[in-house]
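Visitor: The following block contains the structure, expressed as structure tokens.
Rule-based calculations on the coordinates, nothing more; no lab input. Source: prediction; values computed, not measured. Ideal geometry is used to build each Cβ from the backbone, glycine not excepted, and the neighbour counts take in all protein chains shown.
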Amino acid sequence: MDTMIGVIGGSGVYDIDGLDEAKWVSVETPWGNPSDQILTGVLDGVKMAFLPRHARGHKLSPTTVPYRANIDALKRLGVTDVISVSACGSFREDMAPGDFVIVDQFIDRTFAREKSFFGTGCVAHVSVAHPTCPRLGAACADAARAEGVTVHDGGTYLAMEGPQFSTLAESKLYREVWGCDVIGMTNMPEAKLAREAELCYASVAMITDYDSWHPDHGEVDVQDIIATLFGNADKARGMVKRLPDLLGSHRDPCPHGCDRALDYAILTQPDQRDPTLVAKLDAVAGRILG
């Protein structure tokens, strides 16, 4: 299998020097339109796809991002490895603005989003005990460190619904009681859907602020976040440019089984499956259902 790296991120992350055969493509999915067209190309011999999570111009809120369509579209294009790059707040003094955290756990507090491709007529239960791919996360960490970024290996991401930032009480709860490390609004249900689609998924949290818990920083300041975002985007572009060399153009089976997550997950018997839903799952679960 050929490697194809899919990057889900914000403005600037997909403006990569050296991307050959670059073109914006439209992808239709049974789950509606993805956030935007997807920029495809080849970087150092490896196929790439860049999806603006909030659409170009940041038109979509975290709640209205079409997560199912985004993951389905990447799978249809042949993506094998998904890198999520997102701005996050920090609950840890040592995880400072400008640092990157390679997330390995999530607490999902979102409530207004579709969280699965499966449902009535085709029931499936995948394991997300370890929701990110260690192999892919390690490659992101190595690439970021090579760019001079301070990288933290491992961290728990609190996914909130938004669009408002946390209250002080919430921030203290997530930090002091629940032991979370970073907070954001977009990695859930994205990570769960990537697992259902049998895609390796890595989450790179780019720290922009200390949320509202920090006594010396007060509440989140959007202007400060935007200023840090621009610096982080430069670092993220450098990280992404190093990934093709680290991952290579040939893709072996995932040693952690991400690409086989559906092997025993679908419980609905074949003669009881809803043909309409099964048809919608052609890209996501075609390996099993086909």
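Visitor: List every residue whose amide H lies under 5 Å from the amide H of Cys122, counting only residues 5 or more places away in sequence or on a different chain, with H placed 1.01 Å from N in the peptide plane.
Guide: Amide H neighbours of Cys122, under 5 Å, 5+ apart: Asp274.
Visitor: Ok, one more. With +1 on each Lys and Arg Cβ and -1 on each Asp and Glu Cβ, and nothing else charged, work out how big the dipole of the chain is about its Cα centre, in Debye to the nearest 20.
Guide: Charge dipole, the chain, about its Cα centre: 740 debye, nearest 20.
Visitor: Please give the charge dipole size of region 34-138, origin at the Cα centre, charges +1 on K and R Cβ atoms and -1 on D and E Cβ atoms. Round to the nearest 20 debye.
Guide: Values: 12 positive and 10 negative charges, 90 e Å.
With only Lys, Arg, Asp and Glu charged at Cβ, the dipole is about 440 debye.
Visitor: Still on this structure, I have one more. Taking H placed 1.01 Å from N in the peptide plane, check which residues at least 5 places from Gly155 or on another chain put their amide H under 5 Å from its amide H.
Guide: Amide H to amide H, under 5 Å and 5 or more residues apart or across chains, Gly155 pairs with Asp104, Gln105.
Visitor: What list of ³J(HN,Hα) values in whole Hz, one per residue of region 165-177 in order, does the Karplus curve 6.51 cos²θ - 1.76 cosθ + 1.60 (θ = phi - 60°) give from phi, with Gly and Pro shown as x?
Guide: Using θ = phi - 60°, the values come out as 7, 5, 6, 4, 5, 5, 4, 5, 4, 5, 7, 8, 9 Hz.
Visitor: Given the -39500 (n - 2.57) contribution per DSSP H run of 4+ residues, what per-residue ellipticity at 222 nm results for the chain, rounded to the nearest 500 deg cm²/dmol?
Guide: After summing the helix terms and dividing by residue count, I get -7500 deg cm²/dmol.
Visitor: Let me ask you something else. What does the highest-first list of 244-250, 255-261 look like by mean Cβ count within 10 Å?
Guide: Numbers: 244-250: 15.6, 255-261: 17.1.
Highest-to-lowest ranking by the protection proxy: 255-261, 244-250.
Visitor: Continuing with this model, one more query. Of all alpha-carbon pairs in region 160-290, indicate the percentage at a distance above 20 angstrom. If you can, show how the numbers build up before the last one.
Guide: Working: 5442 of 8515 pairs.
When every Cα pair of region 160-290 is considered, 64 percent fall beyond 20 Å.
Visitor: Next up: Amide H of Ala87: which non-local residues (sequence gap of 5 or more, or other chain) have their own amide H closer than 5 Å, using H built in the peptide plane?
Guide: For Ala87, the qualifying residues are Met206.
Visitor: On a 0 to 90° scale, report how tilted helix 222-247 is relative to the longest principal axis of the chain, with both axes built from alpha carbons and the result rounded to the nearest 10.
Guide: Helix 222-247 sits roughly 50 degrees off the main axis of the chain.
Visitor: Hey, another quick one. Tell me the net charge near Arg287. Cut-off is 11 Å between Cβ atoms, Arg287 excluded, with +1 for each Lys or Arg and -1 for each Asp or Glu.
Guide: Details: positive: Lys75, Arg260; negative: Glu198, Asp259, Asp263, Asp282.
Surrounding charge for Arg287 is -2.
Visitor: Can you tell me the orientation of helix 134-146 relative to the chain, as the angle in degrees between its alpha-carbon axis and the longest Cα principal axis, to the nearest 10?
Guide: 40
Visitor: Now a separate question. Rounded to the nearest 0.05, what FRET efficiency is calculated for Thr167 and Ala96 with R0 set to 30 Å and r the Cβ-Cβ distance? Walk me through the numbers on the way to the answer.
Guide: Working: r = 23 Å, r/R0 = 0.75.
For Thr167 and Ala96, the calculated efficiency is 0.85.
Visitor: Additional query: Quick one: what are the phi-derived ³J(HN,Hα) couplings along region 28-42, Karplus 6.51/-1.76/1.60 with θ = phi - 60°, whole Hz, x for glycine and proline?
Guide: 8, 10, x, 9, x, 7, x, 4, 6, 4, 10, 7, 10, x, 10
Visitor: Starting at the first residue of region 199-216, write each ³J(HN,Hα) from the Karplus equation 6.51 cos²θ - 1.76 cosθ + 1.60 with θ = phi - 60°, in whole Hz, x for Gly and Pro.
Guide: My calculation for region 199-216 gives 10, 5, 9, 10, 10, 10, 8, 9, 6, 10, 6, 9, 6, 10, 7, 6, x, 9 Hz in order.
Visitor: What's the longest uninterrupted piece of the chain once you rule out the chymotrypsin sites (Phe, Trp or Tyr not before Pro) that are loop residues per DSSP with at most 14 other Cβ within 10 Å?
Guide: Details: sites that count: Phe111, Trp178, Tyr264.
Free of exposed loop sites, the longest segment is 1-110.
Visitor: If you line up the Cα atoms of region 67-147 on their principal axes, what length do they span on each, largest first, in Å?
Guide: 47, 30, 21
Visitor: Then there is this: How far, in degrees from 0 to 90, does helix 67-77 lean away from the longest principal axis of the Cα atoms of the chain, to the nearest 10?
Guide: 60
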